[in-house]
Amino acid sequence: MKIEDLTWGMVESLIKKEKRAVLPLGSVEQHGKLSLGTDMILARKVALEAAEPLGVPVYPVLAYGVAPYFAAYPGTVSLKMGTYLKVVEDILESLYQSGHRKILIVNGHGGNAFAGGLAQEWLGTHEDARVRLHNWWAAPRTWERVQAAEKGSSHASWMENFPWTEVDGVAYETQKSKPPLDLEILRQKGPRAVRAFVGDGNFGGTEKRDAALMEEIWDIAVKETRDILENGWAD
């Protein structure tokens, strides 16, 4: 359930029996021919679909993330690392004050993954809480299926091309596959050099695959996320 569909009184009543909550993390950044909001769209949607049958509240997605390497692509928004960590820390503190004690962070952007380290530090002063960072696209079952379909697929390729991340009027290549980029070389470059190296924004793979495959992968991702919500907590 979306937290914005509830009143504060409804949340207070809910927390008496349900201590779990979900916080999606996204990013606004270049995704080749896909929406600039791809990471926030996917994190929010997988979180909502996973949590809905369990009655677990999902907070609004933190849309902006850390993506300085894409700064030369128009439309990209990147927060400084210190700013981002402080925002996530403040959100965790707010959820704790509301009474949530099991917080699943559903992350849709690799640049945000270091928030897991912040969560570990935060738990040092909140030992009755549990926080888990879940990179939904890189979770074992989901990633295994993606790589089985097309090894080397990565950022801004077909693996993120769902009906809800496509842009109207854009044509997507279904045959030609882009070779995977050398990420170690990419990580040594500044924003303008990254754009020159990456080009269209796709890190590797075709631009679009058939609908049946995408439905299968999405179903795996939602079930894998829901399984963590149900069974992924240390007691």
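The values are calculated or read from the model by the stated rules, or taken from the named source; none is laboratory data. Values in this document were obtained by computation on a predicted structure and should not be read as measured data. Reconstructed Cβ throughout: ideal geometry from the backbone, glycine too, with neighbour counts over all protein chains shown.
A few notes on this one:
- Hits in region 57-82 - residues which are in contact with a strand residue (DSSP E or B) (Cβ under 9 Å, 6 or more places away or on another chain) and in a loop (DSSP other than H, G, I, E, B): 57, 59, 60, 61, 63, 64, 66, 67, 71, 75, 76, 79
- Taken over region 130-164, the criterion of being closer than 17 Å to residue 204 by Cβ, part of a loop (DSSP other than H, G, I, E, B) and of a type outside the set (S, T, N, Q) is satisfied by 150, 151, 152, 155, 156.
- Hits in region 99-139 - residues which are touching a residue at least 40 places away in the same chain (Cβ under 8 Å) and over 25 Å from residue 30 (Cα atoms): 99, 100, 101, 102, 103, 104, 130, 132
- Test for residue 142: is it surrounded by 13 or more Cβ atoms within 10 Å (Cβ to Cβ), modelled with pLDDT of 95 or more, under 17 Å from the mean Cα position of the chain (by Cα) and of a type in the set (Ser, Thr, Tyr): yes
- Of the candidates 48, 14, the single residue that is without any contact (Cβ under 8 Å) to a residue 60 or more places away in the chain, under 14 Å from the mean Cα position of the chain (by Cα) and part of a helix (DSSP H, G or I) is 48.
- Residues in region 186-213 that are assigned to a helix (DSSP H, G or I), touching a helix residue (DSSP H, G or I) at 6+ places or on another chain (Cβ under 7 Å) and of a type in the set (D, E, K, R): there are none.
- Some residue of region 96-109 being within 21 Å of residue 40 (Cβ to Cβ), surrounded by fewer than 20 Cβ atoms within 10 Å (Cβ to Cβ) and touching a strand residue (DSSP E or B) at 6+ places or on another chain (Cβ under 9 Å): no
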